[in-house]
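Asker: Have a look at this one.
Computed from the coordinates by the stated procedures, all read-outs in this text should not be read as laboratory data. Please read these numbers as outputs of a predicted model, since none were measured by experiment. Cβ sites come from the backbone with ideal geometry, for glycine too, and all protein chains shown count toward neighbours.
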Amino acid sequence: MDIPLTPLDHKAFFNPIKELMRTIILVEMGRFTVQNVGFQPAYKRLANEALKGKADLAREMLKECTLCPRLCRVDRTAGETGYCGVEDRPFISSYGPHFGEERPLVGRGGSGTIFMGGCNLGCMFCQNWTISHGSHERDAHYINESELAGLMLGLERAGCHNINIVTPTHQMPMILGALSIAAQMGLGVPLVYNCGGYESLEALRLLEGVVDIYMPDLKYMDAEASGRLSDAPGYPEAAKAALREMHRQVGVLMTDERGVALMGMVVRHLVLPGGLSGTREAMRFLARELSPDTYVNVMDQYRPCYRAGEFPEINRRITGEEFQEALELARRAGLHRFA
Ligand code: SF4
């Protein structure tokens, strides 16, 4: 198309051309891509009062804690702690740009990762056990919500494409409180909720319109295995319900023109020795009950850590054949977007 260099009626030319360019870009970008220009994270589209209101409602849940399916019902605002062992203040281990996460999260600037201390799961093979189950004071420390907001803003200033909260479930109210402060101070990158999948629906519903990218694990599909190895016999049912809710809220993963994640869902599935992670059923669940377009990271990096030595069946790495079989099961289930 010839574009006049000196159009008499600027508007008449400019708008159709802009629309045409937009259409061309969208067609070229494909169906999992959206334009970065003008993109606003979900929490920025909420009025700050609404975000604060959600943080207040979440804080109420701490008074008789039902933030996760353990339903400890302890009063964390009165200094009590439940299974996760964490009070009602942000408890963090470390933070910084991370270049080892999934490619769409890392881009060129890295993922702005904040590792939270403590955990609501009890995995016998946890590779972060010093943070999750270790001596708390040595490996993590308490800060306040303003300080957590400052970390978020600092990571964005460092060029990170997102704020990636690792193991957020048991600290969700404090994260919302910090986010509302950071959003008012200009935070503008997507929020990643990088969790174990053992979530309560009540807590997740508060996150609707706040979280841009959910990144849950799908660890097990068998209650006996999840009970024995993660002290959570209810994990498969809780995780399936949680993943359905996350998918309802944010849909499949969408990236910008550069391939950087903006919204949607990434599911991690760590392949355990001897088929203990239930890969066949897990992949079928993702493809059939969420979408065949679900973005999945089938992970081969299992190694025996923490107390895995007490369980002979998980006291080894997985074989190359086991991993290839897991990938094949994912493809056969109909999935096609892999990390
Ligand atoms: S978040 Fe912690 S205290 Fe609350 S129910 Fe879960 S494990 Fe228990």
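Asker: Angle between the Cα long axis of helix 145-157 and the longest principal axis of the chain, 0 to 90 degrees, nearest 10?
Answerer: Orientation of helix 145-157: about 50 degrees from the principal axis.
Asker: Quick check: pseudo-label points 7 Å beyond the Cα along Cα→Cβ at E237 and M299, how many nm apart are they?
Answerer: Each label point lies 7 Å from its Cα, and together they span 2.6 nm.
Asker: How tilted is helix 10-29 with respect to the longest principal axis of the chain? Cα atoms for both, answer in degrees (0 to 90, nearest 10).
Answerer: Approximately 40 degrees, to the nearest ten.
Asker: Tell me, for the chain, which Cys residues have no other cysteine's C-beta sitting closer than 4.7 Å.
Answerer: Cysteines of the chain left without a disulfide-compatible partner: C65, C68, C72, C84, C119, C160, C195, C305.
Asker: Just to confirm my numbers, what's the Cα centroid distance between region 252-329 and region 149-206 in Å?
Answerer: 24 Å
Asker: Sequence gap of 8 or more, or different chains, plus Cα separation below 25 Å: how many lysine pairs satisfy both in region 10-338?
Answerer: Within region 10-338, the lysine pair count is 6.
Asker: Turning to a different aspect of this structure: Pick out which of R307, R73, R31 has the largest mean-square fluctuation in a Gaussian network model of the chain, springs linking Cα atoms closer than 10 Å.
Answerer: Taking springs between Cα atoms under 10 Å, the residue moving most is R31.
Asker: Over region 10-338, how many percent of alpha carbon pairs lie in each 20 Å bin up to the one with the longest distance?
Answerer: 31, 58, 10, 1
Asker: 5 Å is the cut-off here: which amide hydrogens, built 1.01 Å from N in the peptide plane, fall below it relative to M263, excluding neighbours closer than 5 in sequence?
Answerer: M254
Asker: Can you work out ³J(HN,Hα) from phi for every residue in region 278-295, in order, using Karplus 6.51 cos²θ - 1.76 cosθ + 1.60 and θ = phi - 60°, giving whole Hz and x for Gly and Pro?
Answerer: Per residue, the Karplus-derived 3J(HN,Hα) values read x, 4, 4, 5, 5, 5, 5, 4, 4, 6, 8, 9, 9, 6, x, 8, 4, 7 Hz.
Asker: Using DSSP, restrict attention to beta bridges with both residues in region 10-338 and report what percent are antiparallel, rounded to the nearest 5.
Answerer: Antiparallel bridges make up about 30 percent of those DSSP assigns within region 10-338.
Asker: Output the peptides 210-216, 76-82, 232-238 sorted from most to least packed, where packing is the average of other Cβ atoms within 10 Å over each peptide's residues.
Answerer: 210-216, 232-238, 76-82
Asker: Here's a follow-up. Considering just Cα atoms, how many Å³ per residue does the convex hull of region 126-175 enclose?
Answerer: Measuring per residue, one finds 102 Å³ for the Cα hull of region 126-175.
Asker: Helix 48-61 sits at what angle to the longest principal axis of the chain, using alpha carbons and giving 0 to 90 degrees rounded to 10?
Answerer: Once rounded, one gets 10 degrees.
Asker: For region 214-302, what does the relative contact order come out to in percent, with C-alpha contacts under 8 Å and a separation of six or more?
Answerer: 33 percent
Asker: With no solvent and one point per C-alpha, what does the Debye sum give as log10 I(q)/I(0) for region 79-229 at q = 0.18, 0.20 Å⁻¹?
Answerer: Per q value, in the given order, log10 I(q)/I(0) is -1.13, -1.37.
Asker: Which residue fluctuates most in the GNM of the chain (Cα springs below 10 Å): T130, T167, T319?
Answerer: Its mean-square fluctuation being the largest, the pick is T319.
Asker: Right, next: State the percent of C-alpha pairs, over all pairs in region 133-207, separated by a distance greater than 15 angstrom.
Answerer: 59 percent
Asker: Follow-up. Return the long-range amide H neighbours of D217 (sequence gap of 5 or more, or a different chain), with a cut-off of under 5 Å between placed amide H atoms.
Answerer: Close amide H contacts, sequence-distant or interchain: C195, G196, G197, R268.
Asker: Starting at 0 and stepping by 5 Å, how many percent of the alpha carbon pairs of region 264-339 end up in each bin?
Answerer: 3, 17, 28, 21, 14, 9, 6, 1
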